[in-house]
Amino acid sequence: MSTTETAIASAEAHSAHNYHPLPVVVASAEGAWVTDVEGRRYLDMLAAYSALNFGHGNRRLIEAAKAQLERVTLTSRAFHHDRFAEFCTELAELCGMEMVLPMNTGAEAVETAVKTARKWGYRVKGVPDGMAKIIVASDNFHGRTTTIISFSTDHEARADFGPYTPGFEIVPYGDLTALRAAMTENTVAVLMEPIQGEAGVLVPPPGYLPGVRELTRERNVLFIADEIQSGLGRTGKTFACEHEGVVPDMYLLGKALGGGIVPVSAVVSSAAVLGVYRPGEHGSTFGGNPLACAVALEVIAMLRTGEYQQRAAELGDHLHRELGLLTGGGSVEAVRGRGLWAGVDIAPALGTGREISERLMRRRVLVKDTHGSTIRIAPPLVISKEDLDWGLDQLRAELGA
Ligand SMILES: *Cc1c(COP(=O)(O)O)cnc(C)c1O
């Protein structure tokens, strides 16, 4: 057996099979490229679902992490530490908000948002105890906890994991009439992805997000934008909501906030909303730790320059122009997305998304399927135009286009 086959067989024997990774075993990485255990190089066109927006081994981020590793890495929130205030201030400012509640994973940020919205509903809006409702969209992806999968519409994500958490209402994504009809006086929040990533990079119809904003404001309901995948530069702006001129009540951030080094997530909102918490009501041992803050502060500083957003916008225009040329040729049925982020529906006759991903892997390009014959393309924002073009050449060759 090859080194690759041995590593995969061993992983399959000793790890739960909750993932079905492509048969590549990465040993090192730099920028947009990864190298496997047998020395083969691959172009990473997935970037860990946007957690690697700034690329593998980004020097600025590695240096920031190293410096902090030598000073202090963890205090717990039982004490203050000297990177915390700076992190919260800078992140709030980047978001145009007032307060930050740091957690670790994206799912924890979503859980925190659910708790915050409910508490806000009872304490501020005056919803009767235990009656708070949160409206979400069909085909959403917000994470994997029992509460979050309770409002998933994906059978695989949900089946066998009940009993489910009540208090959620699901409406079709993109349908304002349905959203309006679902609202009651007990609705405390609308939780949505401004672009649905896992669903296949679905961009809602123009006017939908502004409509959600107007409706939520009218009804005194919090608009929670899950920008865990769409935020922090991916779409060509700091937040995907900006494309529609929308400012939500709460941003949920994660993935790229940790620079591909440590898990860092956050709920960012106003003092009126996050101000509902008192000591002891919520927390996390690792949330807002010094190492996480140091890395995230560097991420925020990098986003402040605007250069990554601009790269994503420019390279994204190029990507969508090139992918657009493939539609109509028979091999690609549809392309969606914004910035350096695309969902590509391949003609089913050419294979499933998984099969296409495996064939692209053999051409040394790493992508990931979503559902059916859809693949998703989301390279690190630091990818060069030449590398992006090479990746597109491989896709074109694979599709016989
Ligand atoms: C990835 C993701 C999450 C969950 O983040 P984890 O860090 O995997 O828990 C939540 N929401 C969206 C939109 C995501 O893409």
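The values are calculated or read from the model by the stated rules, or taken from the named source; none is laboratory data. Because the structure is predicted, anything quoted here is derived from the model rather than measured. Here the Cβ positions follow ideal geometry from the backbone for every residue, glycine too, while neighbour counts run over all protein chains shown.
Which condition number in (1) within 20 Å of residue 324 (Cβ to Cβ); (2) at pLDDT below 95 is the one that residue 351 fails?
Failing condition for residue 351: (1).
Checking residue 118 against (1) in a helix (DSSP H, G or I); (2) within 14 Å of the ligand (Cβ to nearest atom); (3) over 19 Å from residue 263 (Cβ atoms), which single condition isn't satisfied?
It is condition (2) that residue 118 fails.
Any residue in the range 48-64 that is farther than 30 Å from residue 342 by Cα and modelled with pLDDT of 95 or more?
Within the range 48-64, one or more residues are farther than 30 Å from residue 342 by Cα and modelled with pLDDT of 95 or more.
Tally time: how many residues in the range 256-265 are more than 12 Å from the ligand (Cβ to nearest atom) and not in a loop (DSSP other than H, G, I, E, B)?
Here the count works out to 0.
Of the residues that make up the range 2-12, is at least one more than 16 Å from the ligand (Cβ to nearest atom), touching a Pro at 6+ places or on another chain (Cβ under 9 Å) and not hydrophobic (A, V, I, L, M, F, W, C)?
yes
Of the conditions (1) more than 16 Å from the ligand (Cβ to nearest atom); (2) surrounded by fewer than 18 Cβ atoms within 10 Å (Cβ to Cβ); (3) touching a residue at least 40 places away in the same chain (Cβ under 8 Å); (4) in a helix (DSSP H, G or I), residue 92 clears all except one; give me its number.
(2)
Which one of the conditions (1) within 16 Å of the ligand (Cβ to nearest atom); (2) farther than 18 Å from residue 378 by Cβ; (3) of a type in the set (A, V, I, L, M, F, W, C); (4) in a loop (DSSP other than H, G, I, E, B) does residue 232 fail to meet, given that it meets all the rest?
Unmet for residue 232, out of (1) within 16 Å of the ligand (Cβ to nearest atom); (2) farther than 18 Å from residue 378 by Cβ; (3) of a type in the set (A, V, I, L, M, F, W, C); (4) in a loop (DSSP other than H, G, I, E, B): (2).
What is the one condition in (1) more than 26 Å from residue 4 (Cβ to Cβ); (2) at pLDDT 95 or above; (3) assigned to a loop (DSSP other than H, G, I, E, B); (4) out of contact with any Ser or Thr (no Cβ under 9 Å at 6 or more places or on another chain) that residue 379 does not satisfy?
Tallying (1) more than 26 Å from residue 4 (Cβ to Cβ); (2) at pLDDT 95 or above; (3) assigned to a loop (DSSP other than H, G, I, E, B); (4) out of contact with any Ser or Thr (no Cβ under 9 Å at 6 or more places or on another chain), residue 379 fails exactly one: (1).
Quick one: would you say residue 362 is surrounded by fewer than 17 Cβ atoms within 10 Å (Cβ to Cβ) and on the phi < 0 side of the Ramachandran plot?
So residue 362 passes the test.
Out of all the residues in the range 229-250, is one or more crowded, with 24+ Cβ neighbours inside 10 Å, of a type in the set (Phe, Trp, Tyr) and either in contact (Cβ under 8 Å) with a residue 24 or more places away in the chain or under 23 Å from residue 338 (Cβ atoms) (or both)?
Yes.
Would it be correct to say that residue 136 is within 12 Å of the ligand (Cβ to nearest atom) and in a strand (DSSP E or B)?
So residue 136 fits the description; yes.
Can you name the residue in the range 330-350 that is surrounded by fewer than 19 Cβ atoms within 10 Å (Cβ to Cβ) and among the aliphatic types (A, V, I, L, M) and, of all such residues, is farthest from residue 399 (Cα to Cα)?
334
Which of the residues that make up the range 227-251 are closer than 20 Å to residue 88 by Cα and more than 9 Å from the chain's Cα centre (by Cα)?
Passing the criteria: 232, 233, 238, 239, 247, 248, 249, 250, 251.
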